[in-house]
1. Are any residues in the range 26-69 of a type in the set (D, E) and either under 23 Å from I99 (Cα atoms) or free of Cβ contacts under 8 Å to residues at least 60 places away in the same chain (or both), and if so, which ones?
2. Which is over 20 Å from E33 (Cα atoms), modelled with pLDDT of 95 or more and assigned to a helix (DSSP H, G or I), of K81, K98?
3. For K74, which of the numbered conditions (1) within 27 Å of D196 (Cβ to Cβ); (2) among the charged types (D, E, K, R); (3) surrounded by fewer than 15 Cβ atoms within 10 Å (Cβ to Cβ) fails to hold?
4. Can you tell me which residues in the range 118-134 are over 21 Å from K81 (Cα atoms), touching a residue at least 40 places away in the same chain (Cβ under 8 Å) and either touching a Gly at 6+ places or on another chain (Cβ under 9 Å) or charged (D, E, K, R) (or both)?
5. Those residues that are without any contact (Cβ under 8 Å) to a residue 60 or more places away in the chain, part of a helix (DSSP H, G or I) and within 17 Å of A201 (Cα to Cα), I need them from the range 136-168; list them, please.
6. Being under 21 Å from E143 (Cβ atoms) and more than 14 Å from the chain's Cα centre (by Cα) is the filter here, so list the residues in the range 89-109 that pass it.
7. Could you go through the range 101-117 and let me know if any residue there is part of a loop (DSSP other than H, G, I, E, B), of a type in the set (S, T, N, Q) and either crowded, with 17+ Cβ neighbours inside 10 Å or without any contact (Cβ under 8 Å) to a residue 24 or more places away in the chain (or both).
Amino acid sequence: MKDKHMWKLRQVLTDVPNKEYRPRIWVSPELEEEVKKMLKSNNVSMDENIVAVAPGARSHTKQWNKEGFLEVSKRIIHELKYKVVLVGDQQDCKVCSKIAEEAGMGMIDLCGKTNLKQLAGILKRSSLLITNDSAPMHIAWAEETPVVAVFGPTDPGKYRPTGPRDAVINKKIDCSPCQSALCRKNDECMNAITADEVFQAAKNILKA
């Protein structure tokens, strides 16, 4: 999508450089220290590796199921020995709370407890983000934090993260991508994605 916008801009402005554009988010040392203290208060030391998980999205049709995020999170904790940090805004707190409650040890729920800058700091600190097509996905991409992104009704060709270690999980069914706010097929494109697919993508990135 950004490439299309840049192409349009070059049609009217002759001095726009013809090169790839990638935004960057800078995390200040002060913010890094703030995030360090936040994680420390949740029993995460600076030498521990963390994976961020963002199970929310602005539209419910873009949200992978809670059970999938739960299984992937538990496997990351128990098989890969990472701690998992749940992130999101206030509307995501219900699903994050359920995941944290069922996952148990090794799970830190910071959903609804950070501002936008703190979220950026946590994603910068993370070894990986697992997410739907969402705002945290774009923030992590801009910080060069690897992403495993679950896509359903939206078009990964337009919105996917494009980092060298990013992975997109989606199913090519006849109606996807549809860009629709309502689904007539019971979220088939999202429900067809398995926890094992997402976990293996995460494992490959973390082991690379």
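The values are calculated or read from the model by the stated rules, or taken from the named source; none is laboratory data. Quick caveat: nothing in here was measured; it's all calculated off a predicted structure. As a convention, Cβ positions derive from the backbone with ideal geometry for all residues, glycine included, and neighbour counts pool all protein chains shown.
1. Initial filter on the range 26-69 (of a type in the set (D, E)): 30, 32-34, 47-48, 67.
Correct list: E30, E33, D47, E48, E67.
2. Sole residue among the options that is over 20 Å from E33 (Cα atoms), modelled with pLDDT of 95 or more and assigned to a helix (DSSP H, G or I): K98.
3. (3)
4. Hits for the range 118-134 are N132, D133, S134.
5. W141, P156
6. Hit for the range 89-109 is I108, nothing else.
7. yes
Listed here are the residues, each with its yes/no results for (1) more than 21 Å from the chain's Cα centre (by Cα); (2) surrounded by fewer than 13 Cβ atoms within 10 Å (Cβ to Cβ); (3) at pLDDT below 95; (4) at positive phi.
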site	(1), (2), (3), (4)
D3	yes, yes, yes, no
W7	yes, yes, yes, no
D15	yes, yes, yes, no
E30	yes, yes, no, no
E34	yes, no, no, no
D47	yes, yes, yes, no
A52	no, no, no, no
F69	no, no, no, no
